[in-house]
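What follows draws every value from the coordinates through simple rules; no lab data is involved. The model shown is predicted, which means the values in this text are computed figures rather than measured ones. Glycine gets a Cβ as well: all are built from the backbone with ideal geometry, and neighbour counts include every protein chain shown.
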Amino acid sequence: MHEYSLVSGLMDALLEASEKERLAKISLVEMRIGKLRSVVPDIFRQAFQTLSEGTLAQGARLEMNFVPGEIICLDCKQQKILDQWNFVCSVCGSGNTELLQGSEILLTKIEGESQDGNQNDEKHSGFQPTKSQTG
Amino acid sequence: MEIKMMKNILDSNQQKARQVRKRLDENRILMLNLIGSPGAGKTLLLEKTIEALKNKYSMGVIESDVETDRDAKRLQRLDIPIVMIGSEGACHIESIIADKALNEFDLPSLDLLFVENVGNLVCPAEFDLGEHCKVAVSSTTEGEDKPAKYPLLFRESSICLLNKIDLLPYIRFDKNVYKNDLFTINPNIDFFEISCEKPESLDPWIQWIEDKYSSLFSSDYVMNQEKNVNGG
C-alpha cells in the first residue's frame, strides 16, 4: 500500500507546480519510475484516481514510463542493464558497482490549462532533480 | 500548456529525512532502522542488543506496530526511553513521523537510537527515515528465498542479520542459496548469522554497532564513555 504514500507525494508536487505555473486544470501527468521501485502500476493508478478527486488533477490521464535498472562497474567501467537484481559486474565479477538509474520516481511532465487560458505554451519548470532520486 | 520537469515525488520525505539526520548528527546519535518480517525476531534482538550495550551507551527505541504496544512493553523492563508510534494501520513509517518521535527524547543524552519498523519486508525499504543504516533482520524460519523475493530491502540495507540460526538442524533452509542471492543483490552488505538464544553469536553484531558509532562520532566516543560511567 505504499503506492498511496508515493501518490501523496505526487499530489504535493502537482499542486506546487500548479501554483508556480498558474494552472487551472491538469489533463496529463507523466511519470518516470525505476523498475527497482516496488511500484505496482494498477495500485499506483488507483491511488492517483482516489487522491486526485476534488483537485485540479481529477480526471487527468496518468502515463507511467518504467525504466530498467542500470549499473556501472567502478572497477572496469562496464555498464549493464539489469534484468534481475544482479549487482555483480558481468565482465570482471566485481561487486564494486553503482546504480546509474532504476530507483527514481519522477514527475516528468504536466499538461493542462493555465489560469490565463493559454493552452499552447511549452515550459521547462525550474524543478531540478535532487541528489538521491537516481539511486 | 505543457510543463516539463524532473521532480522527485519523494522529495518531501527525503527533505524531512535530511532534517532528521542533521538532528541526529548534531547530537552524536547513531540511528539504526530495523526492518524485517513479523516474527523475524526484531524485538528479542533489540532486547539482547540493549542488554549487551547498556553499560557503554545511552540508548532509546522508536517502536512501531500496526496494533498493540506489546513490543514496547517488552522493552520497558530495560529502563530506556521508548517512544511508541501507533502506525494506525500504516504499513511503514515515514520521516515526518520519525522527526516527531525525536521530539519525545532528550537527544543530547542519547548515543544510539533504534527504530523497530513495522513488520514488513516491502514498504519500509522504500522510505528513508533519516537513519544512518537500515538493518535487514530475517530468520531461517522464513525460508532461503527472502532476499530474492524482497530485493529492495536487502539492497538498501547496510547489514543483514540471519536470525534463528540455532534452528537450522530442524528446518529446511539452504544457506548457500540465501547467501548467493544476498550477495548478488548487494555485494557489499555486511552479514552475520545470529541466534538470540546464543548470546555469543551476537558479538559480531554488537561490535559492528560500536565500530559504526566510533567511525561516525569518534571524537566524542571517549567523552561519552566517561559520561556513561559517571552516570551523567
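General remarks:
- Rounded to the nearest 20 debye, the dipole magnitude of the protein assembly as shown is 380 debye, with +1 charges on Lys and Arg beta carbons, -1 on Asp and Glu beta carbons, and the Cα centre as origin.
- Shape call, the stretch A:1-62: gyration tensor on alpha carbons, a/c limit 1.5: prolate
- Fluctuation leader among B:57, B:213, B:170 - chain B, Gaussian network, Cα springs under 10 angstrom: B:170
- Mean per-residue shielding of peptide B:10-20 is 4, counting Cβ atoms of other chains within 10 Å of each Cβ.
- For chain A, calculated [θ]222 nm from helices alone, where every DSSP H run of n ≥ 4 adds -39500 (n - 2.57): -8000 deg cm²/dmol
- Were the residues from residue B:104 through residue B:79 laid out at 0.36 nm apart, the gain over their Cα-Cα distance would be 7.4 nm.
- Rg of the Cα atoms in chain A, relative to 2.2 N^0.38 Å, amounts to 1.25.
- Cα-based Rg of the stretch B:56-201 normalised by 2.2 N^0.38 Å, two decimals: 1.10
- Shape of the stretch B:120-207, Cα gyration tensor, a/c cut at 1.5: oblate
- Entries in A:77/A:109; B:7/B:42; B:175/B:198; B:16/B:164 that, when Cα-Cα distance is taken, lie over 28 Å: A:77/A:109; B:7/B:42; B:16/B:164
- Dipole magnitude for the stretch B:78-156: computed about the Cα centre from +1 point charges on Lys and Arg Cβ and -1 point charges on Asp and Glu Cβ, it is near 260 debye.
- Convex hull (Cα only) mean projected area of the protein assembly as shown, reported in nm² to one decimal: 20.3
- Residues whose amide H falls under 5 Å from that of residue A:23, counting only those 5 or more places apart or on a different chain, are A:115, with hydrogens built in the peptide plane.
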